[in-house]
Each structure stands twice: as C-alpha cells, then as structure tokens.
Amino acid sequence: MTNDNAILLAASQTYDAHRRVASSAASEDRQAEYRALMRKWWFGAAVGVPTMILSYPWIFPVLRDLFPRGSQQLWALWALMGVASLAVIAYSGNQFFTGAWEALKHRSANMHTLIAIGTGTAWVYSTVALLFPWLFPAAEMTDVYYDVTVVVTALVVLGMALEAKARGRTSEAIEKLIGLQPKTARVVRHGQELEIPIDEVVGGDTVVVRPGAKVPVDGVIVEGSSALDESMITGESMPVTKGPGDEVIGATLNTTGAFRFRATRVGEETALATIIRMVGDAQASKVPIQRIVDRVSGYFTPAVVILAIAGFVIWYDFGPTPAFAYATIVAVTTLIIACPCALGMATPLALTTGVGLGATHGILIRSGDALQAAKKLDTIVLDKTGTITLGRPAVTDLIPAEGFDEAGLLAFAAGAERDSEHPLAAAVVEGAAERGLAPPAPDAFEAEPGHGVRATVGGRRVLVGKRVFLEAAGIEAEPLAETAARLADEGKTPVFVGIDGRAAGLLAIADPVKPDSREAIGALRKLGLSVVMITGDNRRTALAIARQVGIDRVLAEVLPQDKAHEVRKLQLEGRTVGMVGDGINDAPALAQADVGFAIGTGTDVAIEASDVTLISGSLRGVVAAVRISRATMRNVYQNLFGAFIYNGLGLPVALGVLYPFIGLLLSPILAAAAMSFSSVTVVGNANRLKRFRLQEAPA
C-alpha cells in the first residue's frame, strides 16, 4: 500500500469510527438521560403517594385517631416527611437547584429558577412551621406542605422524562441515515475479491456489488449495469438504471444486476456523510422566530418571580385566614405554572422534526433560517438548462423523407457524426446507441465548422448540418423547410441529412424537459407561487420550453452574470424569491435569492451557495421543500400559541383571580401536572410532523 493510500485509509477509518461513536454516544446519552429521569420519578412517586395521604390525616378516619392535630405523633410524622421530602429534593430535584444556581451566576433566570424557588419555598415554609410554630399567629398556619414539594418535583421530572424520550424520536432521522451504510464492502485487490470493513475502502478501489447488496461508498461504474433503488437518499421511489460511466451513491440498494465501480468518495466525502453533516447542522440551528422566543423567555422568568412576590403580598394583606399560608400557596403555584419549558421546546422540536423529514425525502435544508424563509416564498425562479430540462441535448424527433426510414436516417447520420466533437453530434451518436443501432465508422470525414459535416459511410455520401450546408452541395432541402420551421418553434434544433445527393430527412435535437417538470410546476402554482423561468437561451427556444411546462413569465437571453441582478429586480418588486439552479453560473443568483435551491445533480459550487439541496434533481423536491417548510412553521406557531395561551390563562388562575368569584384557588400539585402536560403536548404536536405525507402535494 502506498503512503497516500495509507493516509486515506487512516483518515477514512478515523472519520467513520468517530461518526459511529458520536452517533452511538448521542443515542446512549438520550437513553441514559431518560432512564435517570425515570429513576428520579419513581423515587419521587414512591415518597409522594404516602406524603400526600399523611399530610392530611384528619381526612381519613383511621389516621385521624392515630395522628390527632397538635399531637406529638403528628409532629413526628411530619418531621419524617420533611426528611423524606428533602431526600426527594436532593435526588429527584437536584437539577432544578443546580440549574437555578448556574443561571444566577450569569445574572439570569430560567425554568429551573421557577421550579427551584417554588418547591424550595414550600419546603422551607413547612419546615419553619414544624420547628418554630410560635412564629405563626394562628394554628392553621402551621400545616405543612411537604406533599407540594415532593409531588411537584416528581411530576415535573416525569414531564422531563417524557420530553427526553420524545426528543430522541425527533432525532431519529440522523440515526436512520447513519444506519443506511453497510458495514462491509467487497473490493478487488491483487486480482482477488476480498470482503473488508467499510472503513478500509479507499479512493480508487474497485468495488463489487451483487444483486440485493447495498452500495458501500460513492463511485463510478466501470463494468456491468443494474437498476438501483436510491429512494433512501433521493426520495425517488422508482429504481434508476445505471451502467458504465454512471455515478452511484453509497447506501443505495442494488436490485437486480451485478456491477463493479471505482470508489471516488469515501469516509466524510460520501454523499451520505455530507447529508448527515448538513442535517445535523440544520437541526442545531435556530429559526429567526426562536431567537425572539429566547428573548421573551429571558424577560418572562424574572417577570413571573415579581408576579409571585406581588401575589404573596396581596394575599397576605387582603386574603382570608390563614393569610400567610394562602399567600405562600399562591406564590408557589404561580412560580410552578408559569415555568416556560413548553415555550422553550416549541420551536426546536418542530425544527428538528421538519429538517429530519426533509432529509428522508432527499431534501437537505441547510439552516433554520432557510426553513422559515421557504414558508414565505411567493415567487420561484427556475433556471432552464439542467433544472427544467435534463441539461443534455438528445434526439427528440426523426422525420425521414420519402424513400428513407427512421432507422436508416439515424444510422447514417450517427456514422457521419462519430468523429465530430460538436455537442449536437454527440447527441446524434447517443441517440443511435439508445435505439440499438450500430452505425459503421466513416471511411472519410470532413467537418465544416458552423455548418455541418460530410462523410462517406458504408460507401454512401452523407451530409449532416444546416439547410444552407446541404443546398450548397446541390441538395434540394425546400420540402423539409416547413417541418424544420415547426420544430424550431417548438424549441428544437432541426438538423438536415442528405444521402447520395438527396435530402434524406430531418433530425430534431433539443434539451428535453424532465418528465416531471410540468407536473411539479403545476403543483408550485397550486401552492400559490408565481413561477418564472430564467435562461441564457434565445427567446424563441425559451418560450417554446415555457409553453411545454406551463410557465407564463420568461426571462430569456440573460447573461450568467446578470441572473443575480434579475433576482434582485424581482425582490425590488416586493417578492420573496426562491431560485432553483444547478450550474456554476447560477451560484450568484442562488446566493441572492431569499432561498436558494440547488439541484443535487449540479455543481458543488451551486450546492454550496444554496440554502436547500435537492438530491434527486427533480423539481418535485422544490414542491416538497415548500410544503415541509409550511408544515413545520405551522407546527411551530401551533406550539407557541399553545404555550403562550397556557401561560396566559394559567397565571391569573394561579394568582387567585377567580377566588373572589367562584372560590377557586389552584393547587401547586395541579399546577405541576398542568405544566408537565403542556410540555408533553408540545412534544406530541411536534412529532405529528413525522406523519406528514408529501404525496398530498397537488399535481
């Protein structure tokens, strides 16, 4: 093994090992967090149930006689409960107090601050009432509330455990992507097939893929052909036929045939590794609305503390007896019910789920900003070549003259063009090969730049080129002129063919429209988006393509450097613009647009300049990306609305606003249950996104 290969192998092994360890560690950390919280919940529940019962022994006839009010037995019982509840605080609730202390050191407050103050206040009040009852003016004020401390702590911890479990589900997208790659690969080394760990595959290796096996890394087929199921990467459901010279993507599934390919990208360079990295980065980012929520939360917690203090003072001064007990309950309930954990989770959980949903359908969203911006789009600008069309010329029509047939016309034209370097010549030769024709090599060949070629094929004199080229050789091409004009109106390039001094017919060459472009553009319009086509081609060709796919507005003959300027002009019209392109010349326009969509089959420069990458290369990916963005942001707004409404309605009730009217005063225990329920509701709503079906897109 050469030094270079050894370095590549070491780098590949290091990356893959790191990726698997990181993924495994993240998964294990989530599971460990869930298990730890559930242990804390069970401990709190085990202490909480008897504590709730024994806090009010006079309610139960059996206990009423055993622990009468004011007795030493009741004092000893409550002292035991105080110790047990302190154990719950120390074990089950320690994260609230450490979190509150860390926030205090940074002169801020958070959800831990509210829970710590609330449960801590209930415990301190109860302990003071138990040890120093003479400090209170009334006997009723010496009741203890250890049950509040224990049960509130247990309920909040249970909510956190359920959130941790649900958050793990929202990150399943990355784990599924990592799990796609096979563990081993069959490579040819020193003339022998060897099965080696995927870590040991290096660039340049010849890799063997058998029917039913997964492609281990990215590469180019050198021998054989097959249909590959790329749905796990691109989201496309139909298998794609591949042969020599075609690229294959690691982690895709080989369905029928066998082939060999040369490994080109391994380790962190593979498409799958790039996808995993981009998804992780996007899930770690924030949407603009989340930054607003963060600022609101920063002010919300101190405001709640002030409200709790104000509530305590009002109830102490004007509330019924025992005023001090009532005031304490109001303050504790206010602190607990206003905990903003649901508010803090509302956006990140939906964002994580939405980005993961996109990744499983071949749509890579680079950041939260792009996800939110895509929802606001009202105009989509589509580059023509390689975006609406396939990006390569092909023979679309064969019109033989009288006395000739299509196969003969194409065979002689391909034979004459075999030695030509013109792009249209390559399309003719490829068209013949696709139709199973094997034209003979020309015996003589001469190209006239800008006009056509003349050659001797199979003993016959063949001319292929423009009409004037044939007429200059004395061939009458007038009978084909009307058909040529019609083809030109359709955006196709007519190519005249002459054989042995006669006009043999016409070939039409064009960059064909992708099979699903018209359907996707129709879906974009039904989503309320204006669709604009931009191209450097002449207006006649551009309008012909636009008619085929149903686009009304066309920007034609636009120089590459002016595409970004055209996007800017649309933005100055007040439009929010998404740009879809695949080439280097599209990169400035992609960067200028509010959201840039790069066709994944395009250039690396275009992909780097974009906000969203469509791996499959289909415009249906744009439809899916917009729908995912709208669904995700709708989910975010639902979560935020629910969280704000919960706090907006809960705070007045906790402060006792309803008490003078209907005698309702919320218990801290019910407040804790409601707070935990609100968090779980937000998590559940975010996970609904996983059931979102892109097939619902209008077609």
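The values are calculated or read from the model by the stated rules, or taken from the named source; none is laboratory data. Please read all numbers here as calculations on a predicted model, not as lab measurements. As a convention, Cβ positions derive from the backbone with ideal geometry for all residues, glycine included, and neighbour counts pool all protein chains shown. Areas reflect the complete protein model, heavy atoms only, side chains present, ligands, DNA and RNA absent. Shrake-Rupley method; radii C 1.70, N 1.55, O 1.52, S 1.80 Å.
For F644, the conditions (1) crowded, with 21+ Cβ neighbours inside 10 Å; (2) in a helix (DSSP H, G or I) all hold with the exception of (1). Among the residues of this structure, L480 counts as one that is within 19 Å of L424 (Cβ to Cβ), touching a residue at least 60 places away in the same chain (Cβ under 8 Å), open to solvent by 10 Å² or more (accessible area, probe 1.4 Å) and not β-branched (V, I, T). The set of residues from the stretch 546-563 being open to solvent by less than 20 Å² (accessible area, probe 1.4 Å) and in a helix (DSSP H, G or I) comprises A546, V549, K563.
Scanning the stretch 523-545 for residues being more than 19 Å from S629 (Cβ to Cβ) and outside any strand (DSSP E or B) gives a total of 11.
Note on the stretch 436-456: residues that are closer than 16 Å to E421 by Cβ and surrounded by 11 or more Cβ atoms within 10 Å (Cβ to Cβ) amount to 11. Can you say whether L66 is under 11 Å from Y146 (Cα atoms) and either open to solvent by 20 Å² or more (accessible area, probe 1.4 Å) or in contact with a helix residue (DSSP H, G or I) (Cβ under 7 Å, 6 or more places away or on another chain) (or both), as far as the supplied structure shows? No: the conditions fail for L66.
In the list G224, G204, which residue meets the criterion of being on the phi > 0 side of the Ramachandran plot, at pLDDT 85 or above and touching a helix residue (DSSP H, G or I) at 6+ places or on another chain (Cβ under 8 Å)? Walk me through how you get there before you give the answer.
Values: G224 fails: touching a helix residue (DSSP H, G or I) at 6+ places or on another chain (Cβ under 8 Å).
It is G204.
Okay, residues lined up against (1) β-branched (V, I, T); (2) closer than 30 Å to V513 by Cα:
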residue	(1), (2)
V429	yes, yes
H451	no, yes
R454	no, no
F469	no, yes
D489	no, yes
K492	no, yes
V495	yes, yes
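Restricting attention to the stretch 96-133, the residues that are open to solvent by 60 Å² or more (accessible area, probe 1.4 Å) and of a type in the set (A, V, I, L, M) add up to 4.
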